[in-house]
Each structure stands twice: as C-alpha cells, then as structure tokens.
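One structure is given below, encoded as structure tokens.
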Amino acid sequence: MESSLSHDRARRIFVAGSTGATGRTLLPIAASLRVDVVPHIRPASARDRELPEQAAVLNLSDAKALDAAL
C-alpha cells in the first residue's frame, strides 16, 4: 500500500475503541506504516485479555487518565 504520509517526522495516533471493528482494521495498517499507536481499551474490555504494552486502559470520560495517555 502506497502512503502519502511523510516519514521524516514521528507520528503517534490514539485509537479510541481499538478492540472494535474500526480499531481492529486500523491497528494493522498503522503498524505496517510504522506509526506509533496507543490503542485505547475500555477497562471492561481489558479483562481476561492480553494487552499490548502501550495500551491505554481507561474510560474516555476520565480526563486525567486520557491526558496522561496522550
């Protein structure tokens, strides 16, 4: 896949709802483009699941936790 993204500066994206349909599609694409990704996972969805090291497990309504993740 050809990308119009410039690779001369680092990119980091926060994927809210990374376990949903859009997130499951977007994460592999971002990885293939070598984009730094912070996958968001709701606490209820994080139970009994192996999590990526950089995962942000938080409720999006928690402003302090969201700010820390970004």
*Angle between the Cα long axis of helix 21-32 and the longest principal axis of the chain, 0 to 90 degrees, nearest 10?*
50 degrees
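Count the net charge of all other residues whose Cβ sits under 15 Å from the Cβ of G20, scoring Lys and Arg as +1 and Asp and Glu as -1.
Details: positive: R24, R42, R49; negative: none.
Counting the neighbours of G20, the net charge comes to +3.
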*Can you run phi through the Karplus equation (6.51, -1.76, 1.60; θ = phi - 60°) for segment 53-70 and list ³J(HN,Hα) in whole Hz, with x for Gly and Pro?*
4, 8, 4, 9, 9, 6, 8, 5, 7, 8, 4, 5, 5, 5, 4, 5, 5, 7
*List the relative contact order of the chain as a percent without decimals, with contacts defined as Cα pairs under 8 Å and 6+ residues apart.*
26 percent
*How many nm is it between the label spots at D48 and I13, if each spot is 7 Å from the Cα in line with the beta carbon?*
3.1 nm
*Given a 1.4 Å probe, how much area per residue of the chain is accessible, in Å²?*
75 Å²
*Just from its helices, what would the mean residue ellipticity at 222 nm be for the chain, if runs of 4 or more DSSP H residues each count -39500 (n - 2.57) and the sum is divided by every residue, rounded to the nearest 500 deg cm²/dmol?*
-8500 deg cm²/dmol
*In order through segment 34-39: 3J(HN,Hα) via Karplus (6.51 cos²θ - 1.76 cosθ + 1.60), integer Hz, x for Gly, Pro*: 6, 8, 5, 10, 10, x
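Carbon and sulfur atoms: what percent of the 1.4 Å accessible area of the chain do they account for? Working shown, then result.
Numbers: 2620 of 5270 Å².
About 50 percent, which is the carbon plus sulfur part of the accessible surface.
Once the piece of chain linking A21 and D36 is laid out straight, how much longer is it, given 0.36 nm per residue of separation minus the C-alpha distance between them?
Numbers: separation 15, 0.36 × 15 = 5.40 nm, distance 1.95 nm.
Using 0.36 nm per residue and subtracting the Cα-Cα distance, I get 3.4 nm.
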*Which label marks the calculated value of Rg and Dmax of the Cα atoms in Å, given the options [x] 14.3, 46; [y] 12.9, 38; [z] 14.1, 41?*
[y]
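Taking the Cβ of V38 as the centre, find all other residues whose Cβ is under 13 Å away and add up their charges (Lys, Arg: +1; Asp, Glu: -1). Walk me through the intermediate numbers first.
Values: positive: R11, R12; negative: D36, E53, D67.
Residues close to V38 contribute a combined charge of -1.
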*asked:* Check which residues have an amide H placed less than 5 Å from V57's amide H, if you skip close sequence neighbours.
replied: I41
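Where does each of D36, D67, D48 land when they are ordered by accessible area, with a 1.4 Å probe and the largest first? It would help to have the intermediate numbers written out before the result.
Values: D36 80, D67 115, D48 165 Å².
Largest accessible area first, the list is D48, D67, D36.
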_Taking amide H atoms as placed 1.01 Å from N in the peptide plane, list the residues 5 or more away in sequence, or in a different chain, whose amide H sits under 5 Å from that of V37._
I13
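The values are calculated or read from the model by the stated rules, or taken from the named source; none is laboratory data. Since the structure is predicted, the reported quantities are computational estimates derived from the model, not experimental observations. Cβ sites come from the backbone with ideal geometry, for glycine too, and all protein chains shown count toward neighbours. The accessibility values were calculated without ligands, DNA or RNA, using every heavy atom of the protein model including side chains. Shrake-Rupley method; radii C 1.70, N 1.55, O 1.52, S 1.80 Å.
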